[in-house]
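The values are calculated or read from the model by the stated rules, or taken from the named source; none is laboratory data. Remember, it's a predicted structure, so these values are computed and weren't measured experimentally. A quick note on method: Cβ atoms are made from the backbone with ideal geometry, for glycine too, and the neighbour counts reach across all protein chains shown.
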Amino acid sequence: MDHVEGISPVQVGRRIRDLRVKLGLKQQDLASTDISASYISLIESGKRAPSDAVLTTLASKLRCSPDHLRTGRDDHALEDARLKLSFAEMALRNGDNGEALQAFGELLAKPALLDASMLLRARIGQATALEKLDRIEAAIPVLEELSKDPALAAGSDEWCRVSVALSRCYRNMGDVTLSIEIGERALTRLDALGLDVTVDHIQVGSTLIGSYVMRGDLTRAHLLAQKLLPVAEDKGGRAGRGSVYWNAGLVALSRRQLPEALALTERALAMMADDDNLRHVAMLRTNVAWLELQSDHPDPARARHLLEDAGQTLAELGTAVEQARCELILVDASTQLGQWDEAVSHARRALGLLSSGPRVEAVGARVRLAEIHLLREETYEGLQALHAATRQLRHFAPSYETAQEWRRIGDVWKRQSRAQEALEAYDQALQASGMPMTYDPAQSLAQQGHG
């Protein structure tokens, strides 16, 4: 959106005349070797539209900015808005997301004070702050509007940020199909520009790999990761390369190639360790810790150390969901170390962080609580937690994530020698992963006999 659009030469001319009169100047005083007094008269009467060069010359004599002559915006108000925008963006980088959101909102409440580039930065900042505050349902409409803005040119840095954020938000809301459609559409638009694979491809592609993995489409995820890895090595910055290795690690993990997954994620962490995006580094430490616990020779002490470092950063910069995921892996590390009281505390903290809305991670916290209670032979409490997790999980749409939680619930029932409950959970896991029930000929025969 550009506030200069639609402004007539009459308005520009009137502003020039009013300023000239206010300063006690004559038309001749504005004239120069390139601009005659008669031309000044035509501009002031609205019969000529001045070029940018002419406006710049006139603005210097009228003691204002060219933008003020074009739009009428107060120069002091514009400078104040620039300072406020810089403050909001700094607050966002420092993890003061609430403060940033308030500042962006105040700026957007008076859009006439912003030029086109400032308005775009404020809208993107608002969406980013909403996402970081886990207000994803509020962030999506802002990102949708931005994605349809004709001023957002495909291939620009802002376009890439919006495309990636929109795909990521839909994925985090559980709409993996739409997330993938957005990512694939963005890659198609980049390809249509006729460029070689760029850093933008890396950013969009990394997000798309994560969505493929969440849907269970491991072949596409693997192929895209293989395509992006050499490009990332050649063209990507350390953060960009780290992002690709991060997502390639997710692919390897989903294919149960744990040593490869750990190696790829460790490499991503090494690449991004010096990056100024501390939140991403903390999330990577969380991933490495989780993979460490899944390996053939786990080191829960090292995992806990990584998670404690990550937790401190995420407490300042991360979303509630990211903090909760860190707490859940701390549950696993503490359990492996036999520190059950700590494990329970971490699980309850995770539930507290997830109390604002329905999250699959909350199911994971309850299942872990059930496991700990059962390990401590607190059977009643364990079964209560397990039943609560089961009831909550039934409200979620089928997905790769819900299939994992159903599998975990089934495993807990199996360890309790509760075969019927285990079979029901495993059946739910199969259905959530997209594998329907097989045809039952006995049921068909029974229906025919009834008829």
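Restricting ALA403, ALA385 to residues that are hydrophobic (A, V, I, L, M, F, W, C), modelled with pLDDT of 85 or more and within 23 Å of MET214 (Cβ to Cβ) narrows the list to ALA403.
A count restricted to region 93-118 and to residues that are touching a helix residue (DSSP H, G or I) at 6+ places or on another chain (Cβ under 6 Å) and surrounded by 17 or more Cβ atoms within 10 Å (Cβ to Cβ) stands at 10. Inspection of region 313-322 finds a residue satisfying the criterion of being in contact with a helix residue (DSSP H, G or I) (Cβ under 9 Å, 6 or more places away or on another chain) and surrounded by fewer than 16 Cβ atoms within 10 Å (Cβ to Cβ).
Under the condition of being of a type in the set (D, E, K, R) and in a helix (DSSP H, G or I), which residue from region 190-217 is modelled with the highest pLDDT? Among them, the one singled out is ASP191. Selection of helices (runs of 4 or more DSSP H) fully inside region 9-69 by the criterion of at least 3 residues being within 49 Å of the chain's Cα centre (by Cα) returns 9-22, 52-62.
The residue list LEU330, LEU317, LEU353 contains one member that is within 29 Å of LEU229 (Cα to Cα) and either outside the structural domain of GLY382 (by TED's automatic domain parsing) or under 23 Å from the mean Cα position of the chain (by Cα) (or both), which is LEU317.
Residue count for region 381-425 under the criterion of being outside any helix (DSSP H, G or I) and surrounded by fewer than 19 Cβ atoms within 10 Å (Cβ to Cβ): the result is 8.
Which ones in region 96-149 are closer than 20 Å to SER86 by Cα, part of a loop (DSSP other than H, G, I, E, B) and touching a residue at least 40 places away in the same chain (Cβ under 8 Å)? Across region 96-149, the qualifying residues are LEU114, ASP115, LEU133. For ALA273, the conditions (1) closer than 24 Å to GLU131 by Cα; (2) at pLDDT 80 or above; (3) surrounded by fewer than 21 Cβ atoms within 10 Å (Cβ to Cβ) are fulfilled apart from (2).
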